[in-house]
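Data block below; observations after.
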Amino acid sequence: MSAALGEGWELMEQRQAGAIPPERIRYRLTRLQRVLPVLPMILVLMAFQVLFWLDGDPFGPVLVSGLLDGVILPFVMLIISRPFGVTLTQSAAIVHNLRRRTIPWSNVQAIRMGSLFGSRTVVIYEAGGRRTRLRAPITGFLSWDRRFEEKFHTIGRWWLDHRGPDWAPVPPPGAQWGGPRRG
């Protein structure tokens, strides 16, 4: 029995030693984060449909309208929010919002946590002064992600490992090189 255990540990050590780091990492909104914002809309729209029906409107058109409003619209919102997130590659962070944007690691000055409406997000600061707030990973009251801290540290570590040997910090735009001027 102990020989089998020893072989198992050796095999696991060989696998870990030969582990190849991934070429890319992708973070998206979790399923719960995509569904929770849509649920209240479904409930409100369906409640309106029931109220119209109770008011004496015919049930057939109410049902069809309710299906259109209460199911199709939230379904479209779920599909639209699916690609939101970030892909980490060897050379850049690819930000997936409504438009896709590539930020080279050599252009990144910092990766920080930011707060927006009570939710914590990841913010990428670029050399030109531009800030890019990622839509995923995110965590907050109705958008909880228990792995948010881990994802934030992974993004920061990925940047540090891939920014290149020639990377140098750039002062923020508007910063004065010689300190404050005296009058």
Could you list, in sequence order, all residues of segment 103-128 that are over 22 Å from Pro171 (Cα atoms) and open to solvent by 50 Å² or more (accessible area, probe 1.4 Å)?
-> Ser115, Leu116, Phe117, Gly118, Arg120
Keeping to segment 112-122, report how many residues are more than 14 Å from Tyr27 (Cα to Cα) and in a strand (DSSP E or B).
-> 7
Leading residue by the ranking (modelled with the lowest pLDDT) among those in segment 43-97 that are in contact with a Pro (Cβ under 8 Å, 6 or more places away or on another chain) and open to solvent by 40 Å² or more (accessible area, probe 1.4 Å) = Met77
State which residue is surrounded by the most Cβ atoms within 10 Å (Cβ to Cβ) when the search covers only segment 148-172 and only residues that are touching a Ser or Thr at 6+ places or on another chain (Cβ under 8 Å) and not aromatic (Phe, Trp, Tyr).
-> His162
Check on Arg131, among the charged types (D, E, K, R), at pLDDT 90 or above, out of contact with any Pro (no Cβ under 8 Å at 6 or more places or on another chain) and surrounded by 13 or more Cβ atoms within 10 Å (Cβ to Cβ) = no
If you scan segment 134-147, which residues turn out to be open to solvent by less than 20 Å² (accessible area, probe 1.4 Å) and either in contact with a Gly (Cβ under 9 Å, 6 or more places away or on another chain) or outside any loop (DSSP other than H, G, I, E, B) (or both)?
-> Leu134, Ala136, Pro137, Thr139, Gly140
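The values are calculated or read from the model by the stated rules, or taken from the named source; none is laboratory data. Since the structure is predicted, the reported quantities are computational estimates derived from the model, not experimental observations. Counting neighbours? That spans all protein chains shown, and the Cβs are built from the backbone with ideal geometry, glycine included. Accessible surface areas use protein heavy atoms only, side chains included; no ligands, DNA or RNA. Shrake-Rupley method; radii C 1.70, N 1.55, O 1.52, S 1.80 Å.
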